[in-house]
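The values are calculated or read from the model by the stated rules, or taken from the named source; none is laboratory data. Fair warning: this is a prediction, and the values are worked out from it, not measured in the lab. Don't worry about glycine lacking a Cβ; one is built from the backbone with ideal geometry, like all the others, and counts go over all protein chains shown. Heavy atoms of the whole protein, side chains included, go into the accessibility calculation; ligands, DNA and RNA do not. Shrake-Rupley method; radii C 1.70, N 1.55, O 1.52, S 1.80 Å.
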Amino acid sequence: MTVELDTGWNLRRVMASRGIFQTSKLKPLLEERGIDLSREQVYRLVTQPPQRVRLDVLARNEELQEKLMS
């Protein structure tokens, strides 16, 4: 069974609201949460909606949003 979700992707907007304008500044925040993505993967995560998301990234999404919002 395949489930399709219609989602919005506004990571760039959230980053900008916290004064983060470079993907290189996001990578260390992800690493603090145990998410190890390459520089290219972080860039794609910010600039385009993901086609699929690893479960560990999704599970830590709320933590990352809290970090960006604090």
(message) Tally up the residues in the stretch 1-50 that are closer than 18 Å to E63 by Cα and aromatic (F, W, Y), please.
(response) 1
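For residues in the stretch 34-60 being assigned to a helix (DSSP H, G or I) and among the basic types (K, R), which is modelled with the highest pLDDT? I'd like the intermediate steps shown before the answer.
Looking only at the stretch 34-60, we keep the residues that are assigned to a helix (DSSP H, G or I), and these are 39-47, 55-59.
Filter once more, so that each one left must be among the basic types (K, R): 39, 44.
Details: R39: 94, R44: 91.
Only one residue tops the list, namely R39.
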(request) Just give me the residues in the stretch 1-33 being at pLDDT 90 or above and not in a helix (DSSP H, G or I), in sequence order. (result) G19, I20, F21, Q22
(request) Please determine, by comparing only the residues of the stretch 1-30 that are under 18 Å from L55 (Cβ atoms) and open to solvent by 40 Å² or more (accessible area, probe 1.4 Å), which one is farthest from the chain's Cα centre (by Cα). (result) M1
